[in-house]
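Structure record follows, encoded as structure tokens.
The values are calculated or read from the model by the stated rules, or taken from the named source; none is laboratory data. Everything numeric here is computed off the predicted structure, so don't read it as measured data. Positions of Cβ are generated from backbone atoms using ideal geometry, with glycine treated the same way; all protein chains shown enter the neighbour counts.
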Amino acid sequence: MSLIDKKHRIELDEKLIGFSFLENADAPMGVVSGMIQFENIDSGYDLFLDYCSNNRITINENDTNYKFIDTQTIPGLKVYCENGSQIKGVCAITGMDKEGFEIQIMVNYPLYEEIFPHHVKEYSEKFK
């Protein structure tokens, strides 16, 4: 299995909410992101709206018609590698029920390079 195929576990306050392949990256900025595959969650919008409202987390954008939400940092949102180690970073969410939700994680170097060498390599090869 390649690094790109690895599923990363996503938890909210230590409860599994889903997985992501973290397929997108902005390597120079230390950002990795990916679509969330929810586990036993009917509405990602309701989940994040309720959680952010109850925990005083700033919501940048909330469109109730489209069930779209864009959040600031969610401290209770944690992402784990397949080996169980936590990806230490700052997590936020953007998306809507109809099209899905993306998790974005800002990770400091050198940890970013250790966990996501494939993203760093892909970026570096753009300039060869």
Would you please list the contacts, defined by Cβ atoms under 9 Å and residues six or more apart or on different chains, that run from a residue in the range 114-126 that is among the small types (Gly, Ala, Ser) to a residue that is outside any loop (DSSP other than H, G, I, E, B)? 124/27
Residue under evaluation residue 49, criteria (1) surrounded by 12 or more Cβ atoms within 10 Å (Cβ to Cβ); (2) part of a strand (DSSP E or B), criterion not met: (2)
Tell me which residues, restricted to the range 92-128, are among the basic types (Lys, Arg) and closer than 19 Å to residue 17 by Cβ. 98
So which residues in the range 82-103 are under 15 Å from residue 33 (Cα atoms) and either surrounded by 16 or more Cβ atoms within 10 Å (Cβ to Cβ) or at pLDDT below 95 (or both)? 87, 89, 90, 91, 92, 93, 94, 95, 101, 102, 103
Residue check, residue 121 against (1) at pLDDT below 95; (2) of a type in the set (Lys, Arg); (3) closer than 22 Å to residue 9 by Cβ, all met but one. Which one? (3)
Name the residue that is farthest from residue 40 (Cα to Cα), counting only residues in the range 9-23 that are part of a strand (DSSP E or B), out of contact with any Lys or Arg (no Cβ under 6 Å at 6 or more places or on another chain) and free of Cβ contacts under 8 Å to residues at least 40 places away in the same chain. 15
Can you say whether residue 106 is exposed (fewer than 13 other Cβ atoms within 10 Å of the Cβ), touching a residue at least 60 places away in the same chain (Cβ under 8 Å), within 16 Å of the chain's Cα centre (by Cα) and within 21 Å of residue 124 (Cβ to Cβ), as far as the supplied structure shows? no
Options 74, 93: the member that is touching a residue at least 60 places away in the same chain (Cβ under 8 Å) and hydrophobic (A, V, I, L, M, F, W, C): 74
Could you say which residue among 35, 29 is out of contact with any helix residue (DSSP H, G or I) (no Cβ under 9 Å at 6 or more places or on another chain), surrounded by fewer than 16 Cβ atoms within 10 Å (Cβ to Cβ) and in contact (Cβ under 8 Å) with a residue 60 or more places away in the chain? 29
Residue under question is residue 41, and the condition is that it be over 30 Å from residue 113 (Cα atoms), at pLDDT 95 or above, touching a Leu at 6+ places or on another chain (Cβ under 8 Å) and not basic (Lys, Arg); does it hold? yes
Please go through (1) closer than 14 Å to residue 12 by Cβ; (2) surrounded by fewer than 18 Cβ atoms within 10 Å (Cβ to Cβ) for residue 42 and return the number of the only condition it doesn't satisfy. (1)
